[in-house]
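I have placed the structure first, in the form of structure tokens, so that the comments after it can refer back to it.
The values are calculated or read from the model by the stated rules, or taken from the named source; none is laboratory data. Note that the structure is predicted; figures quoted are calculated from it, not measured. Using ideal geometry, Cβ is built from the backbone for each residue, glycine included, and neighbour counts are taken over all protein chains shown. The protein model used for the area step is the full one, side chains on, heavy atoms only, and it has no ligands, DNA or RNA in it. Shrake-Rupley method; radii C 1.70, N 1.55, O 1.52, S 1.80 Å.
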2 protein chains.
Amino acid sequence: MPAHVLSERDLTFMLYELFDAEALIERPRYAEHSRETFDAAIATGKAVALKHFLPIRQKVDTHQPTFDGNKVHLIPEIKPALDAVIAAGLAAPASDFASGGMQLPLIVSNAAQAHLSAVASTTLGYISLTDANANLIEAHGSTEQIDTWVRPMREGRFMGTMAMTEPGAGSGLADLTTTATCEADGSYRLSGSKIFISGGDHELSENIVHLVLARVKGAPKGVKGISLFIVPKFLVNEDGSLGERNDVALAGLFHKMGGRGHTSTALSFGENGGATAYLVGEENKGLMYMFHMMNEARIMVGTGAALTALTGYQYSLDYARERPQGRLLGNKDPQSPPIPIIEHADVRRMLLTQKAYAEGAYALCLLGSQLADDEKTAETEEARAQAHTLLDFLTPIIKTWPSEYGPKANNLAIQVMGGHGYINEHPVEMFYRDNRLNPIHEGTTGIQSLDLLGRKVPMNNFAGYQAILAEIHGTIDKARDTELSLFAEQLGTALTELQQTTTTVLGATAEKNIDLVFANSVSYLEMFGHIVVAWIWLRQGLAADAGLQANPHKNDEHFYRGKLQAMQYFFRCELPKIYHWSKLVREIDSTSFAMQAEWF
Amino acid sequence: MPAHVLSERDLTFMLYELFDAEALIERPRYAEHSRETFDAAIATGKAVALKHFLPIRQKVDTHQPTFDGNKVHLIPEIKPALDAVIAAGLAAPASDFASGGMQLPLIVSNAAQAHLSAVASTTLGYISLTDANANLIEAHGSTEQIDTWVRPMREGRFMGTMAMTEPGAGSGLADLTTTATCEADGSYRLSGSKIFISGGDHELSENIVHLVLARVKGAPKGVKGISLFIVPKFLVNEDGSLGERNDVALAGLFHKMGGRGHTSTALSFGENGGATAYLVGEENKGLMYMFHMMNEARIMVGTGAALTALTGYQYSLDYARERPQGRLLGNKDPQSPPIPIIEHADVRRMLLTQKAYAEGAYALCLLGSQLADDEKTAETEEARAQAHTLLDFLTPIIKTWPSEYGPKANNLAIQVMGGHGYINEHPVEMFYRDNRLNPIHEGTTGIQSLDLLGRKVPMNNFAGYQAILAEIHGTIDKARDTELSLFAEQLGTALTELQQTTTTVLGATAEKNIDLVFANSVSYLEMFGHIVVAWIWLRQGLAADAGLQANPHKNDEHFYRGKLQAMQYFFRCELPKIYHWSKLVREIDSTSFAMQAEWF
């Protein structure tokens, strides 16, 4: 029997018992939906994943894209698989009915794509990036731009990319050098090189819509001089038909350790005089616009990392149930039959750790989707603003925590399977490779940690920071009078530690070198992330406890007990780590900062 | 400029300043050696590595071995590279002059192979396993067996393997089913299947000598009924020439995530009536003999993991020095030029962490080699026995700590390089894949943790345990009156915690379920490993301090300051983690043990 891709029971639990997605039906935007339409979308996502992507999963990994100097070649199975996603309405299931979408809540859309993302991994990136690209143009582009570029993307005819990174600049966007000059007719010509552009070239769609960061000639230095342009692979005629090839060339493909479903390209713009480019919004506001896509992509990265962790967990779990090996330590009788390895305490530890990481991570991402829904459709303006504040604050954590702990979960999936986990008869080694990209792209863990500590925490007079603390306190208060009171108490203590640490470290910026004060920013992010995930686990614990109170049938009882045990695991084996991190942050530990370059 | 493979300054430091390898020259076995011959061997190792292995490193990785149903095909560059190692006398540099070796101390042999192991990674495994195979036969085989099998292995004509794992048994050696029957002439016929046999088939040598664990018909069940056999690929005639093909067939190759320099094979013995097999020593003592090779292989695994970590560190360090990107946080001037990324505090953290892990791990492995030297050549019988006790005790730590922390170091090498670390233009993603095998083969981390807590600690009335504690206390006493007294004190406190935890957990075995009591054995191994590595770092700190006192020239001063900073990193950022692990162990935390299979 092939291993399960994901636990549907868990998906149902998160969606309906933890986040009460059914309540969204009350909102006007989702009035035509019901639990049935939600479940149908999820079932469709699963069906497409199992039919079109599961059978080609290994082939996608072992047959990297190639470039013959003219065109990119992918294995032929990829296009029909992506077409099946589009045909099923799953390319942008949250987009408006008017633009051909299913107008699903984002949290349901996330769940509907869960099996796809878990199985197709980065192959789905062609579609998700297109969705995020279209969303950006919808938010910041002109009506004409929406008509020209978004419509065909929503129809699945065009695909989209995000082109930021340059060979000389990497994460240092302030130094990007791609240049645009304004012509007499108001159009722009753009020249420069971009690297690591996912989906930057292929034959999967009629056209590719690049969203490119560039500097208009004469613009200020630094990030305040960056503008955003639409640069299509093919120009589009007034009637919407494809025109001539734009001055955009594929310079080469990168060969990645994993994530081979999605081409990673180097692109040259303007080698023959300049690529035709269309300014989005106003000049010099490009980075702000790009954050619309980047923030969405950050949630997407976290979600992909979480789902890759979940499916690796599921695979190693199924394996552990079926693989007999060894005996319990207390059994010295070599005549007795070997037991399934799931009976060994250390294998249980590795499975439980994966469960705690992966389910914690995915619930965190679904929370992000819920906040994105609330930001758009909560009843009051105040509630919408509150959701926006929380989501904005949590984005670096939603991006990073799954990206860091997802690979750790996949590492344990390999370890559970021993030598069998290290070879490509099983997909867990691929999950491990795929997931390793996530702490890098869309802002490395280091970048996210500075965003959190240096920007998001003090922003708007600590509004987001106070908002998340209040949310966590709310759950603690709720749990205090239940059987989970001990966990509530531990989380409260952790929160106090976090607050003291935050006050101390930000206070130190007044008197000390800022690079020293922020030298342990990753430890701060680790601490904050663990507290947020502990909170998510306490919420899962409360939901499981409620499920148990409802006198469930046997299978459900097992499920809830497992949830509670994973919560316990997180509180006993993970949460205490924050005290080590907080000490480094609070004491402004100078060990790394003081290490001189010539001492290495 | 290509990146350095390893720091030679560091190799010199470890060998001569930390472990005083020069003192070995006083011992009769090494009387013909001098610092010059030691250094010459190291220089030769480096030269062969750079000339023969560095140019083919990537090709070896991207061109996996293939099997055409008849023969195994490797890329043609591998054989001349291995031949160059053999020609340079580096295949078994510690073996006797009499058998064609250089009779080097093992610690020097380890350093002489360091560049080879760092560059050739698993390709060198053909040679190292052959060495370990020959060492086993030398220790436990008959004179005739030594003459027939060891001599050609020492000459580089034959290669050797270790064949333990079976498809149905994995780590559970008690259940292995390969069977040998004794013929009238005293020879044996052997039948069964083995998997994950490294170097199990190839065309690199005239013959392959498999050391195979099997059960003689009628032997007791379990590990007490296992015997060890020599099973060659080709039989050997009395004059030493090759005879007919033995009944050993390659059933297939495994496709590994990394470590592609070394074939991993499935072997079928006896498909045509039984393979001719020669019993080593006595029946039913096979596992004990095999431990001779396994223990050596475990040190080898640790060493390989440490060197892969070191070379990844070196590569990312060289990259970080040369790659300009971004500015310090305190600098808001976009006109100022970007700085090398090594100036960013978080990049320094990632480099310093790698340094602390990789140099700590390799020093630990060199200590293992030093103990193996002392075991053989220390002046008094008592000193030899003491070294044996210590090495035996430390083996699970020397195997595991580098295997667990080496991949973590390689993970950071990728992260330092961002997207560039994830693609195969640079080798760090390969190091990450290669190193991932190490926590699995030669006994998983879980197996090692049970070996440590359940066997090595209480063994011989805690002799090894007490011996290592005494060693650590010796260093603490020495450091107490120096500038490193604070670190000495911290290590002392950690040691007290370790002792209390050990007493508590082993005491609990009297009254509680043994599987519960040992459920946190990996945390115990983590704790013990971190304390041992902190000790190694304190020793490195003392040696660096001595170097500084000697008023060194500027480059050396920088080197010593770096050592002291890495030591500080280990004590501030790593050692405190033991208190979290010890709590789980001491409290016999039941979270994992209590998780029921049906709750997952």
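Here are the numbers for this structure:
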| quantity | calculated |
| --- | --- |
| Residues of segment A:42-98 that turn out to be touching a residue at least 24 places away in the same chain (Cβ under 8 Å), touching a helix residue (DSSP H, G or I) at 6+ places or on another chain (Cβ under 8 Å) and among the hydrophobic types (A, V, I, L, M, F, W, C), as a count | 18 |
| Among the candidates B:L364, B:L371, residue that is touching a Pro at 6+ places or on another chain (Cβ under 8 Å) and under 15 Å from B:I468 (Cα atoms) | B:L364 |
| Lone qualifier among A:A180, A:A132, A:A111, A:A120 - being of a type in the set (G, A, S), open to solvent by less than 10 Å² (accessible area, probe 1.4 Å), touching an Asp or Glu at 6+ places or on another chain (Cβ under 7 Å) and more than 14 Å from chain B (Cβ to nearest Cβ) | A:A132 |
| Meets criteria (under 29 Å from B:F229 (Cα atoms), open to solvent by 10 Å² or more (accessible area, probe 1.4 Å) and either assigned to a loop (DSSP other than H, G, I, E, B) or acidic (D, E) (or both)) for B:G125 | no |
| Set A:Y289, A:Y319: member being in a helix (DSSP H, G or I), within 30 Å of B:G168 (Cβ to Cβ), open to solvent by less than 60 Å² (accessible area, probe 1.4 Å) and not charged (D, E, K, R) | A:Y319 |
| For B:G547: the one exception among (1) more than 16 Å from B:E483 (Cα to Cα); (2) in contact with a Phe, Trp or Tyr (Cβ under 9 Å, 6 or more places away or on another chain) | (1) |
| Residues that are more than 14 Å from chain A (Cβ to nearest Cβ), aliphatic (A, V, I, L, M) and closer than 30 Å to B:I78 by Cβ, drawn from segment B:183-213 | B:L190, B:L204, B:I208, B:V209, B:L211, B:V212, B:L213 |
| Exclusive hit being over 30 Å from A:N110 (Cβ atoms), hydroxyl-bearing (S, T, Y) and in contact with a Leu (Cβ under 7 Å, 6 or more places away or on another chain), set A:T276, A:T311 | A:T276 |
| Exclusive hit being in contact with a helix residue (DSSP H, G or I) (Cβ under 7 Å, 6 or more places away or on another chain), away from chain A (no Cβ under 12 Å), touching a residue at least 12 places away in the same chain (Cβ under 8 Å) and more than 21 Å from A:H344 (Cα to Cα), set B:A544, B:A534 | B:A534 |
| Only one of A:G474, A:G492, A:G454 that is in contact (Cβ under 8 Å) with a residue 24 or more places away in the chain and either surrounded by fewer than 22 Cβ atoms within 10 Å (Cβ to Cβ) or within 24 Å of A:H388 (Cα to Cα) (or both) | A:G454 |
| Selection status of B:F528, surrounded by fewer than 23 Cβ atoms within 10 Å (Cβ to Cβ) and assigned to a helix (DSSP H, G or I) | no |
| Selection from segment B:324-342 of residues that are more than 7 Å from chain A (Cβ to nearest Cβ), at pLDDT 95 or above and buried (at least 19 other Cβ atoms within 10 Å of the Cβ) | B:I341 |
| Condition check for B:I440: at the interface with another protein chain (Cβ under 8 Å from one of its Cβ atoms), within 25 Å of B:A356 (Cα to Cα) and in a loop (DSSP other than H, G, I, E, B) | yes |
| Of all residues making up segment A:224-243, the number that are touching a residue at least 12 places away in the same chain (Cβ under 8 Å) and more than 19 Å from A:H210 (Cβ to Cβ) | 2 |
| Of the criteria (1) modelled with pLDDT of 95 or more; (2) in the same structural domain as B:D545 (by TED's automatic domain parsing), which one B:D481 fails | (1) |
| Only one of B:T44, B:T62 that is hydroxyl-bearing (S, T, Y) and either surrounded by fewer than 16 Cβ atoms within 10 Å (Cβ to Cβ) or within 23 Å of B:G547 (Cα to Cα) (or both) | B:T62 |
| Residues of segment B:16-41 classified as touching a helix residue (DSSP H, G or I) at 6+ places or on another chain (Cβ under 6 Å), open to solvent by 40 Å² or more (accessible area, probe 1.4 Å) and part of a helix (DSSP H, G or I), total | 4 |
| Residue that is closer than 22 Å to B:K563 by Cβ and part of a helix (DSSP H, G or I), where the choices are B:P402, B:P396 | B:P402 |
| Among (1) of a type in the set (S, T, N, Q); (2) farther than 30 Å from B:K59 by Cβ; (3) within 14 Å of chain A (Cβ to nearest Cβ); (4) not in a helix (DSSP H, G or I), the one test that B:T482 misses | (3) |
| For A:A510: the one exception among (1) under 30 Å from B:Q565 (Cβ atoms); (2) modelled with pLDDT of 95 or more; (3) among the hydrophobic types (A, V, I, L, M, F, W, C) | (2) |
| B:T377 vs. criteria more than 14 Å from chain A (Cβ to nearest Cβ), open to solvent by 10 Å² or more (accessible area, probe 1.4 Å) and of a type in the set (S, T, Y) | yes |
| Pair list, Cβ under 6 Å, 6 or more apart: segment B:397-425 residue facing another protein chain (nearest Cβ under 10 Å) and closer than 12 Å to B:T303 by Cα, other residue surrounded by fewer than 24 Cβ atoms within 10 Å (Cβ to Cβ) and at pLDDT 95 or above | none |
| Search result, residues across segment A:214-230 that are among the basic types (K, R) and either closer than 30 Å to A:K79 by Cβ or under 28 Å from the mean Cα position of the chain (by Cα) (or both) | A:K224 |
| Segments classed as helices (runs of 4 or more DSSP H), wholly inside segment B:553-600, with at least 2 members that are more than 7 Å from every other protein chain (Cβ to nearest Cβ) and open to solvent by less than 30 Å² (accessible area, probe 1.4 Å) | B:554-569, B:578-586 |
| Flag for B:L391 being crowded, with 19+ Cβ neighbours inside 10 Å, over 30 Å from B:R29 (Cα atoms) and not assigned by TED's automatic domain parsing to the domain that holds B:H530 | no |
| Flag if A:A358 is closer than 30 Å to B:G443 by Cα, of a type outside the set (D, E) and within 20 Å of the chain's Cα centre (by Cα) | yes |
| Hey, A:E489 assigned by TED's automatic domain parsing to the domain that holds A:F570 and not in a helix (DSSP H, G or I) or not | no |
| The listed residue being out of contact with any strand residue (DSSP E or B) (no Cβ under 8 Å at 6 or more places or on another chain), buried (at least 18 other Cβ atoms within 10 Å of the Cβ), over 26 Å from A:T122 (Cα atoms) and of a type outside the set (A, V, I, L, M), out of A:R298, A:R348 | A:R348 |
